[in-house]
Amino acid sequence: MRRVEVITQPVVRLATSFSVGSALSQGLSIWSRNVVFFLGVSFLAYLPFGLLPMGTSRFLGGFGVRFLIIGGNWIVVLIVQGLVTYAVLEQIHGRTPSIPEAVAKTWSRTRVLVPVAITTGILLFAALIALVIPAIVLSVHWAVLSQVVIAEGDVDARGRSEQLTAGHRWSIFGVMVLFWVASFGLKVMAATLVRHAGSYWVTVVSSTLPSALVASVSAVVYSVIYYQLRSEKEGVDIEQLTSVFR
């Protein structure tokens, strides 16, 4: 396994207080520097959803598949966000970890991340069925849940996320809306481009890539938001934040 490459200057200098503009611009800067890893993780996570309708529609029906995808989407998003958190925080610190390094460091915490992601996904899905608004409210409250699990370990992740997002929830909601719109737009564009494609795999990739692309970018942005919120509210610098990985 290749050692982490130490860079003399930070990869990107981040604001130490949260703002939508800085989170988006700095998140995109980090994403572009390691796009293969971020997009690759997201694509592999979303690939089963590209295959799902092909094999299950006859058993579950159209609505059954749709509900399964919606519920599973929340779980996948939370897991993807956790998987890229280490790489993002390391790049903020000024180091560029190799892909095996990033996977190895994150894998050690998946035993906590996966159960939390599944439980949270089920809760969000239940809130969505009961009434749409509570699901949206909870998703904002729990916006940095995955980052909390990876950076802070076995804690009350939902409670910590609520604590960190307090006071900035309308701004975070705006970021979420932006990604929802981007995801919808890319899916419509992809469906239009491959409408008459006869290839099975072209259809699968076109249905997977838009979600994976948006999820990879949003995962990086939410990791930046997590850093900014902790820096602003608790005075934690990036050295302290990444010390848990040493």
Of all residues in the range 112-137, which are surrounded by fewer than 17 Cβ atoms within 10 Å (Cβ to Cβ), in a helix (DSSP H, G or I) and at pLDDT below 80? Ile129, Ala130, Val132
Just wondering, is there one or more residues in the range 193-202 that are crowded, with 17+ Cβ neighbours inside 10 Å, out of contact with any Cys (no Cβ under 9 Å at 6 or more places or on another chain) and within 28 Å of Phe43 (Cβ to Cβ)? no
Any residue that is within 21 Å of Leu123 (Cα to Cα) and of a type in the set (Lys, Arg) - is there at least one of those in the range 168-178? yes
With the structure loaded, tell me whether Val84 is crowded, with 16+ Cβ neighbours inside 10 Å and either outside any helix (DSSP H, G or I) or touching an Asp or Glu at 6+ places or on another chain (Cβ under 7 Å) (or both) or whether it fails that test. no
Determine whether Ser161 is among the polar types (S, T, N, Q) and out of contact with any helix residue (DSSP H, G or I) (no Cβ under 9 Å at 6 or more places or on another chain). no
Restricting attention to the range 207-246, the residues that are more than 19 Å from the chain's Cα centre (by Cα) and of a type in the set (Gly, Ala, Ser) number exactly 3
With the first residue restricted to the range 169-191 and required to be in contact (Cβ under 8 Å) with a residue 40 or more places away in the chain, and the second required to be outside any helix (DSSP H, G or I) and surrounded by fewer than 16 Cβ atoms within 10 Å (Cβ to Cβ), Cβ contacts under 8 Å at 6 or more apart or on different chains are Ser171/Ser19
Residue list for the range 15-35, filter: at pLDDT below 90 and buried (at least 17 other Cβ atoms within 10 Å of the Cβ): Phe18, Asn34
Only one of Phe184, Phe179 is over 14 Å from the mean Cα position of the chain (by Cα) and aromatic (Phe, Trp, Tyr), namely Phe184
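Each row is one residue, and each column tells you yes or no for (1) at pLDDT below 80; (2) out of contact with any helix residue (DSSP H, G or I) (no Cβ under 7 Å at 6 or more places or on another chain); (3) at positive phi.
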position: Phe37; (1), (2), (3): no, no, no
position: Pro53; (1), (2), (3): yes, no, no
position: Gly64; (1), (2), (3): yes, yes, no
position: Leu83; (1), (2), (3): no, no, no
position: Ala87; (1), (2), (3): no, no, no
position: Glu90; (1), (2), (3): no, no, no
position: Ala102; (1), (2), (3): no, no, no
position: Ser108; (1), (2), (3): yes, yes, no
Which of the residues belonging to the range 156-167 are under 23 Å from Ser17 (Cβ atoms) and surrounded by fewer than 17 Cβ atoms within 10 Å (Cβ to Cβ)? Gly159, Gln163, Ala166, Gly167
Go through (1) at pLDDT below 90; (2) of a type in the set (A, V, I, L, M, F, W, C); (3) surrounded by 23 or more Cβ atoms within 10 Å (Cβ to Cβ) for Val205 and report which single condition fails. (3)
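The values are calculated or read from the model by the stated rules, or taken from the named source; none is laboratory data. Since the structure is predicted, the reported quantities are computational estimates derived from the model, not experimental observations. Because the Cβ atoms are built from the backbone with ideal geometry, glycine has one as well, and the counts that use them run over all protein chains shown.
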